[in-house]
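The values are calculated or read from the model by the stated rules, or taken from the named source; none is laboratory data. Computed from a predicted structure; not experimentally measured. For neighbour counting, all protein chains shown are included, and Cβ atoms are generated from backbone atoms with ideal geometry for every residue, glycine included.
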Amino acid sequence: MQLDKLFRMQRGLDQHIEEKHGLQNEDLFDRKVLALLVELGELANETRCFKFWSIKPSSEKSVILEEYVDGIHFILSLGIECGFQNRDYKLDLEPSTLSTTEQFLLIYQLVNKFRDTKSDSDFKTLLTSYLQLGALLGISYEEMEKAYFTKNEVNYQRQQNNY
């Protein structure tokens, strides 16, 4: 995964949004944390992994992938807020042994832990766990990158259309 490229793209989008909305001097960290938690919930809802009371299947992979990359946008943005965009992360991408539901719950915990510490190691753990969630959902790293590139373009278009 080309994290350095994704970080550069995210930084560009973040700067564009902050300039357009006059947010250059705002502390956006907590709002980005909340946005990530909301996006994580939207993703869980599309997977339906927790809906033991329903027999309806999960959404199509394209829908899940689009929701998934929203989370990548906010995780990268949080890393940029903390100055981690120039780190050379060697991510341990061993498959998760958790169920999808357990992985979601772990990520919620990790988001909140990172919010408290803003540490490089907690960021790396969050990012790794989120990538492992993607793998649990059947998303390859190539699909993640391609979907990120596509959604990044969509996000710029949304800004031009006063989203």
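The residues of segment 137-153 that are part of a helix (DSSP H, G or I), in contact with a Leu (Cβ under 8 Å, 6 or more places away or on another chain) and either on the phi > 0 side of the Ramachandran plot or surrounded by 15 or more Cβ atoms within 10 Å (Cβ to Cβ) (or both), listed by number, are Glu143, Met144, Glu145, Ala147, Tyr148, Asn152. Residue pairs whose Cβ atoms lie under 7 Å apart, sitting 6 or more positions apart in sequence or on different chains, and linking a residue in segment 2-17 that is of a type in the set (Val, Ile, Thr) to a partner that is in a helix (DSSP H, G or I), are Ile17/Gln159.
Filter segment 1-18 down to the residues that are of a type in the set (A, V, I, L, M, F, W, C) and part of a loop (DSSP other than H, G, I, E, B) and list them by number. If the condition is that a residue be of a type in the set (A, V, I, L, M, F, W, C) and part of a loop (DSSP other than H, G, I, E, B), then Met1 is the only one that fits.
So, in segment 19-66, exactly how many residues are in contact with a Ser or Thr (Cβ under 7 Å, 6 or more places away or on another chain) and either of a type in the set (Phe, Trp, Tyr) or in a helix (DSSP H, G or I) (or both)? Of the residues in that region, 5 qualify. Within the option set Ser121, Ser129, being assigned to a helix (DSSP H, G or I), surrounded by 16 or more Cβ atoms within 10 Å (Cβ to Cβ), at pLDDT 90 or above and out of contact with any Asp or Glu (no Cβ under 9 Å at 6 or more places or on another chain) holds for one residue only, Ser129.
Take Tyr156 and tell me if it is among the hydroxyl-bearing types (Ser, Thr, Tyr), surrounded by 18 or more Cβ atoms within 10 Å (Cβ to Cβ) and at pLDDT below 95. Before the answer, list the steps.
Working: among the hydroxyl-bearing types (Ser, Thr, Tyr): yes; surrounded by 18 or more Cβ atoms within 10 Å (Cβ to Cβ): no; at pLDDT below 95: yes.
Here the answer is no, as Tyr156 does not meet what is asked.
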